[in-house]
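Values in this text are rule-based calculations from the coordinates and carry no lab data. These numbers were taken from a predicted model, which means no experiment stands behind them. Backbone-built Cβ (ideal geometry, glycine too); neighbour counts: all protein chains shown.
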Amino acid sequence: MKKEREQENTNKKSKLKIIPLGGLEQIGMNITAFEYEDSIIVVDCGISFPDDDMLGIDLVIPDITYLRDNIDKVKGFFITHGHEDHIGAIPYVLKEINVPIYATKLTIGIIDHKLKEHDMLKKVKRKVVKYGQHINLGCFRVEFIKTNHSIQDAAALAIYSPAGIVVHTGDFKVDYTPVFGDAIDLQRFGEIGKKGVLALLCDSTNAERKGFTMSEKTVGKTLDKIFDDHKNQRIIIATFASNVDRVQQIINSANKYGRKVAIEGRSMVNIISIASELGYLSLPDNILIEADQLRNYPDEQTVIITTGSQGESMAALSRMASGMHRKVSIKPNDTIVFSSSPIPGNEKSVTGVINELMRKGAEVIFQDVHVSGHACQEDIKLIYSLVNPKYAIPVHGEYKHLVAQAKIAEELGMDKDHIKILSSGDVLEIDEDGAEVTGHVHVGNVFVDGLGVGDVGNIVLRDRQHLAEDGIIIVVMTLESGSGQVLAGPDIVSRGFVYVRNSESLMDEAKTVLDNTMEYCMEHNITDWGKIKTEVKDALGDFVWKETKRRPMIMPIIMEV
């Protein structure tokens with residue numbers, strides 16, 4: 001009897017639910033919910049940047065309908081590091097789900113700056129967490145573990161739940177000689193591995209690349225060599241604003257070779273001021289100058305650190321390349337260094353900017369001045385060997401990256417059934433006895449356009465696409481109220497369809513088609529506006545297609561007098 005009762009109690013034990021709400025099958029928009037009974041904690045809350053077909057969209061944030069529907073269960077957000085694809089959506093999401101945020105010092109510093117811009121600093125509770133500290137929330141206990149990445153204060157999370165321990169690496173690399181702070185705490189990964197880890201969610205970005213990721217310090221040597229080889233030229237270096245260690249190394253080289261440093265690009269200025277305030281960046285006295293002061297120094301005594309290494313059209317370097325920058329213009333003697341590699345999808349923009357700079361006579365260096373912030377295959381193997389998880393859940397990457405990591409786990413002897421490649425929205429229920437996708441929650445993209453959040457959807461984008469491809473024809477007419485007689489028009493106005501002055505005969509024929517259509521409507525006593533509009537659209541659409549093989553948007557406007 002006692003045995004049966006015990007059996008019953010163990011059967012009642014719930015499973016842990018792991019629900020990625022974004023960040024899988026794409027680079028960016030990382031957000032994952034962990035749910036156990038009446039507790040939900042969320043790891044990261046990032047944005048992704050719009051694809052080419054998202055016309056006019058500024059950024060994309062995750063759809064958090066699931067969290068909104070379960071708001072009473074949500075206890076807090078744990079943030080692994082301060083990159084946009086992990087923190088960018090916080091101001092938007094926390095307007096609806098105001099729960100505390102837990103992160104390391106620099107990460108909270110960058111989040112604070114974002115919240116301040118959105119006037120939310122007083123409304124949101126933030127807590128700075130140290131490595132090794134444990135936070136208890138609901139059914140969960142979360143520990144922050146030191147890792148290395150291309151921004152300081154990156155952390156992995158050990159999530160202790162009643163169903164077992166889950167380790168989430170965040171974005172990481174193994175760097176034994178970091179520029180700032182300590183190396184990754186491999187010892188702690190090993191200790192947690194010994195306790196028995198249920199699942200490992202590991203960064204997949206570089207899972208296709210063989211070998212180890214090089215140390216950030218190696219870039220310092222390359223930079224020194226560039227400064228040494230170009231003593232008589234002005235040097236402009238483009239890198240990610242958030243790569244504080246890279247900025248530190250550029251400043252070190254500049255100081256060594258007696259150059260002043262100007263910072264260009266809003267995000268770069270913001271991050272550098274936050275990092276130096278919090279002690280993550282050491283600046284020699286009087287090394288920084290304003291861009292306006294560059295003219296006071298000879299070119300060979302200056303270096304400019306700028307944003308725009310990804311070819312973004314509005315970033316400082318792109319504006320310099322196109323001659324639109326107010327303070328810096330490219331000279332034939334300049335040396336420009338791309339200290340980053342193009343994010344997948346940005347190659348074309350980056351090449352465009354490089355070509356533009358070379359046309360202006362500048363020398364462009366874009367090889368070997370970057371090391372990745374993500375783990376390559378051997379580093380991933382090291383983490384797997386230390387953590388020794390029962391289940392592998394590859395995260396952070398496109399589908400091909402997730403598959404590449406699954407192969408690594410298999411090579412290390414993991415059972416194929418224990419490797420779970422998920423899609424955003426999948427609900428993975430997991431415990432010691434098994435891991436199964438048991439359902440799917442609503443996920444998707446919410447578009448931010450200017451001040452509007454979510455007011456531009458797929459239908460608006462489809463219209464924008466339509467307008468971009470074929471243009472618009474507006475048909476304006478005035479009808480007499482009551483009788484429905486045509487008093488004026490129909491007149492045609494077009495934009496983005498054909499150049500009207502060169503296509504007068506086409507427009508005249510189109511006008512004839514409209515006149516005939518309106519006559520037909522009058523003869524058949526069609527006075528309903530909806531029907532008139534449909535007749536106009538159909539007749540004009542057929543005519544235009546026959547003449548031009550184009551389908552512009554046709555918009556009839558009827559006024560009544």
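Among rounded, prolate and oblate, which fits the chain when a ≥ b ≥ c are the square roots of the eigenvalues of its C-alpha gyration tensor, a/c under 1.5 means rounded, and a/b larger than b/c means prolate? It is oblate, given that a/c is not under 1.5 and a/b is not larger than b/c.
Sorted ascending by nearby beta carbons within 10 Å, beginning with the fewest, Lys114, Lys381 become Lys381, Lys114. In the chain, taking the dipole from charged Cβ atoms about the Cα centre, the farthest positive-side position among His370, Ser349, Val219 is held by Val219. By the count of neighbouring beta-carbon atoms within 10 Å, fewest first, Tyr297, Tyr102 end up ordered Tyr297, Tyr102. What shape does the stretch 300-419 take by its C-alpha gyration tensor, where a ≥ b ≥ c are the square roots of the eigenvalues and a/c under 1.5 counts as rounded, a/b above b/c as prolate, and the rest as oblate? Judged from the Cα gyration tensor, the stretch 300-419 comes out prolate (a/c at least 1.5, a/b above b/c). The angle between the Cα long axis of helix 244-256 and the main principal axis of the chain comes to about 80°, on a 0 to 90 degree scale. With the cut-off at under 17 Å, measuring from each backbone N in the stretch 353-379 to a point 7 Å along the Cα-to-Cβ line of Thr177 picks out 369-372.
Counted by neighbouring Cβ atoms within 10 Å, the residues Glu25, Glu519, Glu84 run from fewest to most as Glu519, Glu25, Glu84. Is the C-alpha gyration tensor of the stretch 217-365 telling us rounded, prolate or oblate? Criteria: a/c under 1.5 is rounded; beyond that, a/b larger than b/c is prolate, otherwise oblate. Since a/c stays below 1.5, the shape of the stretch 217-365 is classed as rounded.
Extension gain for Asp491-Thr351 works out to 45.8 nm (0.36 nm per residue, less the C-alpha to C-alpha distance). Residues of the stretch 525-546 with an amide N closer than 18 Å to a point placed 7 Å from the Cα of Ser481 along the Cα-to-Cβ direction: 527-530. Determine the percent antiparallel among the DSSP beta bridges restricted to the chain, to the nearest 5. Given both bridge residues lie in the chain, the antiparallel proportion sits at roughly 50 percent.
For the pair Glu378 and Thr534, label points projected 7 Å from Cα toward Cβ lie 7.0 nm apart. Annotation for Tyr399 and Asp299: the two label points, set 7 Å from Cα along the Cα-Cβ direction, are 5.0 nm apart. Excluding same-chain neighbours fewer than eight residues apart, the aspartates and glutamates reachable from Lys123 by a Cα-Cα span under 13 Å are Glu96, Asp112. Straight-line reach from Lys549: taking Cα to Cα under 26 Å and skipping same-chain neighbours fewer than 8 places apart, the lysines in range are Lys511, Lys531, Lys533, Lys537. With 29 Å as the limit, write out which pairs from Lys146/Lys407; Lys125/Lys407; Lys13/Lys416; Lys15/Lys416; Lys195/Lys381; Lys130/Lys348 have Cα-Cα distances beyond it, or answer none. Table pairs above 29 Å Cα-Cα are Lys125/Lys407; Lys130/Lys348. Full extension of the chain segment joining Leu412 with Arg326 gains 25.5 nm, where the gain is 0.36 nm per residue of separation less the Cα-Cα distance. Relative to the longest principal axis of the Cα atoms of the chain, helix 2-12 runs at roughly 40 degrees.
Amide H contacts under 5 Å for Val197: Lys390, restricted to partners 5 or more places along the chain or on a different chain, H placed in the peptide plane at 1.01 Å from N. Extending 7 Å from Cα along the Cβ direction at Glu432 and again at Asn255 yields two label points whose distance is 5.4 nm.
Within straight-line reach of Lys122, meaning a Cα separation under 19 Å, sit the following lysines at least 8 residues removed in sequence or on another chain: Lys75, Lys95, Lys105, Lys114.
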